[in-house]
Amino acid sequence: MKWDLSLSPSLPSPVRIGRCQKRSILAKIYARTFQTSGRTARAYVQMVLSEETSASGFLLVRGRTLIGSGYVILSAPESAFLFGFGILPAYQRQGLGFASLQALKSFLPETCRSLTVQVSGENHPARKLYEKAGFVITQQLFYYGWDASF
């Protein structure tokens with residue numbers, strides 16, 4: 001899904017975004033957000049931050065409360081990819097995902113005009129959030145080994 005940032009207005013957001021390259025913090029939040037093991041979370045954070053030189057981890061904060069995290073990878077001055085974006089379970093379904101995406105616009109370089117995210121077609125809450133924010137489906141991917149009959 002792709003978001004043309006020039007087409008959607010910037011709205012005020014109660015969420016602030018701060019850069020974070022501390023892998024232990026990012027892994028802990030990732031594990032809690034996506035309810036996975038610490039080992040899996042550490043491997044994911046290691047992969048994203050080690051393999052991508054333009055990767056920036058970020059924390060999502062509302063007031064003084066940490067509510068989530070994610071990563072942005074700049075692919076060119078005018079485009080970026082969003083990875084591992086998530087809101088901690090205790091703060092989901094409160095409009096904070098949408099508010100966080102609005103805040104993310106100010107975190108990106110001024111030259112960035114589009115943001116791309118890959119999301120599973122089965123992840124209906126995420127797809128609904130991205131569509132509400134202004135993302136549109138640009139490509140559908142089908143992976144080997146996936147069988148809809150299961």
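Taking the Cα centre of the chain as origin and assigning +1 to Lys and Arg Cβ atoms and -1 to Asp and Glu Cβ atoms, the resulting dipole is close to 720 debye.
Have a look at the DSSP beta bridges in the chain and tell me what percent are antiparallel, nearest 5.
Details: 24 of 28 bridges.
Restricted to the chain, the bridges split so that about 85 percent are antiparallel.
For LYS28, neighbours were defined as the other residues whose beta-carbon sits under 10 Å from its Cβ, and their charges (Lys and Arg +1, Asp and Glu -1) total +4. Across the chain, C-alpha contacts under 8 Å between residues 6 or more apart give a mean separation that, scaled by the residue count, equals a relative contact order of 31 percent.
Along the charge dipole of the chain, which of GLN46, SER24, GLN118 sits closest to the positive end, that is, farthest toward it, with unit charges on the beta carbon of Lys, Arg, Asp and Glu (+1, +1, -1, -1)? The listed residue farthest towards the positive side: SER24.
To the nearest 500 deg cm²/dmol, what mean residue ellipticity at 222 nm is calculated for the chain from DSSP H runs of n ≥ 4 alone, each contributing -39,500 (n - 2.57), summed and divided by the residues? Result for the chain: -9500 deg cm²/dmol, rounded to the nearest 500. Among the listed values (1) 9.6; (2) 10.3; (3) 8.2, the one matching mean projected area of the Cα convex hull in nm² as calculated from this structure is (1).
Distance between the pseudo-spin-label points of ARG64 and ALA90 (7 Å out from Cα toward the beta carbon): 1.5 nm. Spin-label model, ARG19/GLN35: points 7 Å from Cα along the beta carbon direction are separated by 3.4 nm.
By the rule of a C-alpha distance below 20 Å, with chain neighbours fewer than 8 residues away ignored, the lysines paired with LYS128 are LYS2, LYS105. Each Lys and Arg contributes +1 and each Asp and Glu -1, all at the Cβ; summed about the Cα centre of segment 23-102, the dipole is approximately 500 debye.
Per atom type, the chain shows carbon and sulfur on 54% of its accessible surface, probed at 1.4 Å. Summing Lys and Arg as +1 and Asp and Glu as -1 over all other residues whose Cβ lies under 14 Å from the Cβ of PHE107 gives a net charge of +2.
In the context of the full set of protein chains, the chain has a per residue accessible area of 62 Å² (1.4 Å probe). Estimated at 0.36 nm per residue, the fully extended path between ASP4 and ILE137 surpasses their Cα-Cα distance by 46.7 nm.
The values are calculated or read from the model by the stated rules, or taken from the named source; none is laboratory data. Here the structure is a predicted model, which is why all the values come from computation and not from measurement. Here Cβ is always computed from backbone atoms with ideal geometry, including for glycine, and neighbour counts include all displayed protein chains. Only protein heavy atoms, including side chains, enter the accessible area calculation; ligands, DNA and RNA are left aside. Shrake-Rupley method; radii C 1.70, N 1.55, O 1.52, S 1.80 Å.
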